[in-house]
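Structure first, then comments.
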Amino acid sequence: MERNPIEGFSKLTKEEKIHKIISDYLDGDETYRTILQQYWNQQPELQKLHDEFSENTISNFYMPYGIAPNFLIDGKLLALPMAVEESSVVAAASKSAKFWLTRGGFTTTIINTKKLGHTHFIMNVETHKLLHFFNFQLKERLMESTNSITENMRARGGGILNIRLIDKTQELPNYYQLKASFNTVDSMGANFINSCLEQFGQTLREEVAKSDHFSDQEKESLQIVMNILSNFTPDCIVRAEVRCPIEDLNDESGISNSEFAWKFKQAVTIAEIEPFRATTHNKGIMNGVDAVVIATGNDFRATEACAHAYAAKDGKYSSLSHCSIEGGVFRFWIDLPISVGVVGGLTNLHPLVKFSLALLGKPTAQELMSILAVSGLAQNFAALRSLITTGIQKGHMKMHLLNILNQLGATEAQKQYFVNYFKDKTVTHHEVITQFNQLKEQQI
Ligand code: MEV
């Protein structure tokens, strides 16, 4: 069928949007309408709420929402909410939590909570002249001009921490930045930071225009390129760690404690020196982090971008977690830069997000940073523990078994039968299909 660009799609009603999509993209096949509708919430108010989170919404996309219990974090016992589709993530988290529960649990330290943003601008002017203008005139004006924007945040104990002029002309001719740092207390602060930065851009333009410090030519060369927060927040960082005497490690696989510790440390060191491994290693960490980020209504694209930028901060992509064995003590830790909020955004709107935050005891943003770092570390511990002992597929395929059986259309009784059948056997896609077909033949 000939397809034409869709004009004014966002202005159509939901019903009209669905009709348009089915007729233009799905050969008019109305069975697709049923797929969309079966994911609508039966409560119209709740459906409307979800529709309004985004644009052009025609259905909801469900993700499993699970709980990983038994996390002892800084002496508090917590159950973590996890929204994730990968079948082994919640099980891995729970297993790690249980392992460390009897070994002192997880401890965390907030190292800093500073967030950053920039006004990026071009100006053909000598750096010392601009610096003088910044120090003796502009900086104070930038602060004053954002007073009304920062008022509430200051009342909550946050605000603009500092503003600096950064000379970037060695990397791009005439390129400078106003680099600002912020404390956004319990909010992620993206809107707050961007509003301040946009005001900085405007104030910079106005102050340069009326200053007698610059020639007309210099003034005309000023171009504000953009004002935007940075999702790289290396100074908004939390450390989570576990430690125990090597003799307490006792892994269920039967490997000796000292071999477990040695192999584990080797696995972490390999991720520290080898980017190919570091990428998968960190992906595993983010399995744990993102699931809790999503469940608490935070922005997982931001946390992903930040974590990977941090992993490459020394010029070579490396592991986010580290391990040491000293004086007979096994220690495993992560330094995770992460900017999240517990107020604003979806936190007051999405009922499941409210549930997640209540489940976590209504944490502050700093406490949530700690929980997220622990979730990442626990996930990494579980992955490495499997990798250096049984291998990852055993656990993964066990969890994947139900997905395969669902694809095959197995009944509840058949699922139960195969979960039992594969308890002491290796699950492979081929073997599940073979056994499933055999069972069906026997039953016919
Ligand atoms: C799978 O989602 C994540 C792992 O590959 C992580 C790792 O290899 O460390 C298991």
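The values are calculated or read from the model by the stated rules, or taken from the named source; none is laboratory data. Note that this is a predicted model, so its numbers are computed, not measured. Neighbour counts are summed over all protein chains in view; Cβ atoms, including those assigned to glycine, are modelled from backbone coordinates with ideal geometry.
Some observations on this one:
- Restricting attention to region 412-430, the residues being over 20 Å from residue 88 (Cα atoms) and in contact with a helix residue (DSSP H, G or I) (Cβ under 9 Å, 6 or more places away or on another chain) number 2.
- Considering only residues in region 72-94 that are away from the ligand (no atom under 16 Å from the Cβ) and of a type in the set (Gly, Ala, Ser), the one that is surrounded by the most Cβ atoms within 10 Å (Cβ to Cβ) turns out to be 79.
Table: residues versus (1) of a type outside the set (A, V, I, L, M, F, W, C); (2) modelled with pLDDT under 95.
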site	(1), (2)
232	no, no
235	yes, no
253	yes, yes
270	no, no
274	yes, no
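- Condition met for residue 59 (without any contact (Cβ under 8 Å) to a residue 40 or more places away in the chain and under 30 Å from residue 367 (Cβ atoms)): no
- Test: residue in region 201-221 that is at pLDDT 95 or above and more than 21 Å from residue 132 (Cβ to Cβ): yes
- Within region 1-26, the residues that satisfy the criterion of being under 35 Å from the mean Cα position of the chain (by Cα), touching a residue at least 12 places away in the same chain (Cβ under 8 Å) and surrounded by 10 or more Cβ atoms within 10 Å (Cβ to Cβ) are 6, 9, 14, 17, 18, 20, 21, 25.
- Residue match in region 255-273 (condition: of a type in the set (D, E, K, R), within 11 Å of the ligand (Cβ to nearest atom) and either surrounded by fewer than 15 Cβ atoms within 10 Å (Cβ to Cβ) or in the same structural domain as residue 373 (by TED's automatic domain parsing) (or both)): no
- First in region 373-401 and outside the structural domain of residue 287 (by TED's automatic domain parsing), second anywhere and basic (Lys, Arg) and near the ligand (Cβ under 10 Å from one of its atoms), Cβ under 8 Å, 6 or more apart: none
- Elements of type helices (runs of 4 or more DSSP H) in region 1-89, at least 3 residues being charged (D, E, K, R): 14-25, 44-51
- Every residue from region 315-336 that is in a strand (DSSP E or B) and in contact with a strand residue (DSSP E or B) (Cβ under 7 Å, 6 or more places away or on another chain): 321, 322, 323, 324, 329, 330, 331, 332, 333, 334, 335, 336
- Test: residue in region 412-419 that is within 13 Å of the ligand (Cβ to nearest atom) and surrounded by 14 or more Cβ atoms within 10 Å (Cβ to Cβ): no
- For region 277-336, filtered to residues that are charged (D, E, K, R) and either within 14 Å of the ligand (Cβ to nearest atom) or touching a helix residue (DSSP H, G or I) at 6+ places or on another chain (Cβ under 6 Å) (or both), the residue that is farthest from residue 190 (Cα to Cα) is 277.
- Being aliphatic (A, V, I, L, M), under 21 Å from residue 297 (Cβ atoms) and modelled with pLDDT of 95 or more holds for only one residue in 12, 36, 26, 46, and it is 46.
- Applying a threshold of 7 Å to beta carbon distances and a minimum spacing of six or more residues, or different chains, the list of pairs starting in region 85-96 at a residue that is not assigned by TED's automatic domain parsing to the domain that holds residue 400 and ending at one that is modelled with pLDDT under 95 reads 87/399; 87/400; 87/403; 88/395; 88/396; 88/399; 91/399.
- Residues (crowded, with 21+ Cβ neighbours inside 10 Å and under 20 Å from residue 368 (Cβ atoms)) located in region 308-331: 320, 321
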